[in-house]
Amino acid sequence: MKHNVSEVASLQPDYLGFIFYDKSKRNFDGEIPQLPHGIRKVGVFVNAPLEDISEKIKKYQLDVIQLHGEETPQFCARLRTANFQSENGPISIWKVFGIHEGFNFSQLALYEGFVDRFLFDTAGEAKGGNGYPFNWDILSDYPTETPLVLSGGISAEKIPQIKAIQKTPIPLVALDINSRFEIKPGLKDIEKIKRFTHELSR
């Protein structure tokens, strides 16, 4: 599969994600080129054994582990106590939750102390990349100060709502953009990303 990693990196995002899940149409198995200083590499895993995560951390010098499966608090605790390091310091752990109407926010408390961020994506058939957003009104019930990453069908049309969320106490720290900015799975539309970031920063 073709990935245009260097072109995306030239836009200087805070993070670049690499999916290590062979059932994903965006699965990454190539070499990561040298990235500009300051870009953090995110490895996305789905119910992967600890040994596989450890191997990918070392091979790709990952900075962030994004857990996109049914990983338990106990598994996250094992990751934390493993004390994996990157060249930029301790590995950051992000736990993904598929959000739907009636999502039970109380489960987040079980992960507190073991993860650095929560990532909210749209619950769907696929493990991410479904291409449509969940109802962001549910974010008003976000019960914790743990930083939040927002994902799921983000597009330029959502910019007004994103800016509105940024004015609330919700600790939104990053946006995870994906399928709405692709030419095909794994190949990003650079011009569309440029327009999005420009409009978001206005």
> Is the shape of segment 57-132 best called rounded, prolate or oblate, per the rule: a/c under 1.5 gives rounded, else a/b larger than b/c gives prolate, else oblate, with a ≥ b ≥ c the square roots of the Cα gyration tensor eigenvalues?
Replying inline: oblate
>> With a cap of 13 neighbouring Cβ atoms within 10 Å, and only residues DSSP puts in a loop, list the trypsin sites (Lys or Arg not before Pro) found in segment 1-71.
In response: LYS2, LYS23, LYS25
> Which pairs in the list LYS41/LYS188; LYS158/LYS188; LYS158/LYS192; LYS95/LYS184; LYS167/LYS192 are over 20 Å apart, alpha-carbon to alpha-carbon?
Replying inline: LYS95/LYS184; LYS167/LYS192
> Alpha carbon centre of segment 158-188 versus segment 38-72: separation in Å?
Replying inline: 21
> aspartates and glutamates within cross-link reach of LYS59: Cα-Cα under 18 Å, excluding same-chain residues under 8 positions apart?
Replying inline: ASP22, ASP29, GLU31, GLU51, GLU87
> From the phi of every residue in segment 174-183, what ³J(HN,Hα) in whole Hz does the Karplus formula 6.51 cos²θ - 1.76 cosθ + 1.60 yield, where θ is phi - 60° and glycine or proline is x?
Replying inline: 7, 10, 9, 9, 8, 5, 6, 10, 10, 7
>> Taking 20 °C and 1.002 mPa s as the conditions, I'd like the Stokes-Einstein D for the chain in µm²/s, using the Kirkwood hydrodynamic radius from alpha carbon pairs.
In response: 123
>> What's the magnitude of the charge dipole for segment 1-157 around its Cα centre, counting Lys and Arg as +1 and Asp and Glu as -1 at the beta-carbon? Answer in Debye, nearest 20.
In response: 420
>> Counting other C-beta atoms within 10 Å, and keeping those with at most 14, which DSSP coil GluC sites (Glu not before Pro) do you find in segment 1-108?
In response: GLU31, GLU70, GLU87, GLU101
>> I'd like to know which of ILE99, PHE28, LEU50 lies farthest towards the positive end of the charge dipole of the chain, counting +1 on Cβ of Lys and Arg and -1 on Cβ of Asp and Glu.
In response: PHE28
>> Let me make sure I get this right: for segment 44-89, a, b and c are the square roots of the gyration tensor eigenvalues over alpha carbons, sorted descending. Under 1.5 in a/c it's rounded, otherwise prolate if a/b > b/c, else oblate. Which is it?
In response: prolate
> Rounded, prolate or oblate: which fits segment 7-49 when a ≥ b ≥ c are the square roots of the eigenvalues of the alpha-carbon gyration tensor, with rounded for a/c under 1.5 and prolate only if a/b beats b/c?
Replying inline: prolate
>> Per 0.36 nm of contour for each residue apart, how much would the distance between GLN34 and GLU87 grow if the chain were fully extended, relative to their Cα-Cα spacing?
In response: 17.7 nm
> Taking each full run of DSSP H in the chain as one helix, which ones are at least 24 Å long along their axis (Cα atoms) and have mean Kyte-Doolittle hydropathy of at least 0.0?
Replying inline: none
>> Starting from the Kirkwood Rh over alpha-carbon pairs, what translational D in µm² s⁻¹ does segment 98-202 have by Stokes-Einstein at 25 °C and 0.890 mPa s?
In response: 167
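All of the numbers you see were taken from the coordinates with simple rules; none came from a lab. For clarity, every value in this text was computed on a predicted model and none was experimentally measured. In this analysis, Cβ positions are derived from the backbone assuming ideal geometry, glycine residues included, and neighbour counts consider all displayed protein chains.
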